[in-house]
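J.: I am attaching a structure below and will ask some questions about it afterwards.
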Amino acid sequence: MPTSTQAVAPYAPRLYQGLAEETNDVSYTPNQTTVREVQWNMANLPSANSLESAATTSWKPLIIVLAAVILVAAVAAVATPFLIAYFKTGKCPSSNSNGLFYKKTLLQHQQQVQQLLLQHQRRQPLQLQPQPQQLHQRRQQQPQRRPLPLRHLRPQPLRVPTTTTTTANLPAACSSYTTISDSTRRVSYTTFVGCDSSSFSSSGMWVRFTGSGGTTIPTYAPGTSVCGTSATGWYASTVPSSGATASGTLCYQWTSSTCQWSSSIQVANCNTYYVYFLYPSPVCNLRVCTV
């Protein structure tokens with residue numbers, strides 16, 4: 001730390017410095033005026049204590065500002081959760097009012113709206129119904145319509161739409177055939193009956209199957225020892241479309257072969273049923289199945 005002389009030296013006037021240089025000379029003798037000037041200049045110089053106090057005083061405002069900032073930050077940190085909860089829920093977390101204030105406010109607004117509606121209704125003028133005289137005058141002012149001529153009142157003839165139904169030209173076999181109703185021909189019948197060696201004409205005949213035994217010949221191999229026989233007959237070709245006649249193959253299944261014997265037949269599609277042109281079986285114990 002500098003001494004008092006070192007602290008005062010930078011502030012000494014040039015007169016004091018010149019005096020110090022002159023006092024070094026032995027022959028110099030200061031007069032009274034010079035001594036007074038030196039004393040006056042020394043009195044105006046700042047002391048070391050005043051310099052220290054000035055340095056300390058310059059830090060006080062800064063310390064006060066920092067303390068205020070810290071205090072504000074602490075208050076904000078404490079109050080922030082309460083403010084967030086208030087803005088989210090609309091009420092203070094510590095309050096137990098359960099929104100009574102908002103309910104009262106809502107009721108007040110509703111009452112005000114009802115009062116405004118009543119005032120608006122009162123201001124509207126009443127719509128009076130027209131008197132009978134006014135209605136009569138209005139009717140007279142309206143132009144009268146002429147009555148319709150009698151020709152518009154005559155009954156018009158009833159127009160019935162005509163519908164034409166077209167039926168497909170069915171084959172002749174659909175109107176000329178022999179009906180066979182035999183329940184022993186169904187594919188689930190397992191008792192032996194016989195064969196078709198004498199069931200059909202040797203020259204062939206149109207046959208329609210009906211009844212509980214079935215109405216069509218199966219288009220798959222039904223197996224052996226069913227349909228009341230040993231080797232079963234089934235249709236192995238494509239069935240014709242409606243109103244058409246087609247030729248196909250009638251196969252007889254036996255043991256491992258699904259078509260051990262075969263014969264050519266004809267099939268006619270009569271829209272709702274089929275008729276078959278069949279021949280007697282090649283050998284016995286062969287029979288046509290139905291489903």
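What follows is calculated from the coordinates using simple rules that are stated; it is not laboratory data. This is a predicted model, so every value here is computed, not measured. Virtual Cβ from ideal backbone geometry, glycine too; neighbours counted across all protein chains shown.
J.: Would you grab the residues whose amide H sits under 5 Å from the one on I180? Only those 5+ places off in sequence or on another chain, please, with H modelled 1.01 Å from N.
T.: Those qualifying (amide H under 5 Å, at least 5 residues apart or on another chain) are R208, F209, T210.
J.: Further question on the same structure: How high is the relative contact order of segment 172-288? Use alpha-carbon pairs under 8 Å, at least six apart in sequence, and give a whole percent. Don't skip to the answer; put the middle values down first.
T.: Working: 294 pairs, mean separation 37.2, N = 117.
Once normalised by length, the contact order is 32 percent.
J.: If each residue of separation counts as 0.36 nm, what is the full-extension length gain between S175 and F87 once their alpha-carbon separation is subtracted? Write out the running numbers ahead of the final one.
T.: On the way: separation 88, 0.36 × 88 = 31.68 nm, distance 9.37 nm.
Length difference between fully extended and current span is 22.3 nm.
J.: Right, another one. Take the Cα of T249, step 7 Å along the line toward its Cβ, and report every residue of segment 259-291 whose backbone nitrogen sits under 13 Å from that point.
T.: 259-265
J.: Label-point separation (nm) for W59 and Q112, each offset 7 Å from Cα along Cα-to-Cβ?
T.: 6.0 nm
J.: Still on this structure: Which translational diffusion coefficient, to the nearest whole µm²/s, is obtained for segment 183-291 from the Stokes-Einstein equation, given a Kirkwood hydrodynamic radius over C-alpha pairs, 10 °C and 1.306 mPa s?
T.: In µm²/s, the coefficient is 117.
J.: Give me the extension gain from Q119 to W261: residue separation times 0.36 nm, minus the current Cα-Cα distance, reported in nm with one decimal.
T.: Contour length minus the Cα-Cα distance gives 40.6 nm.
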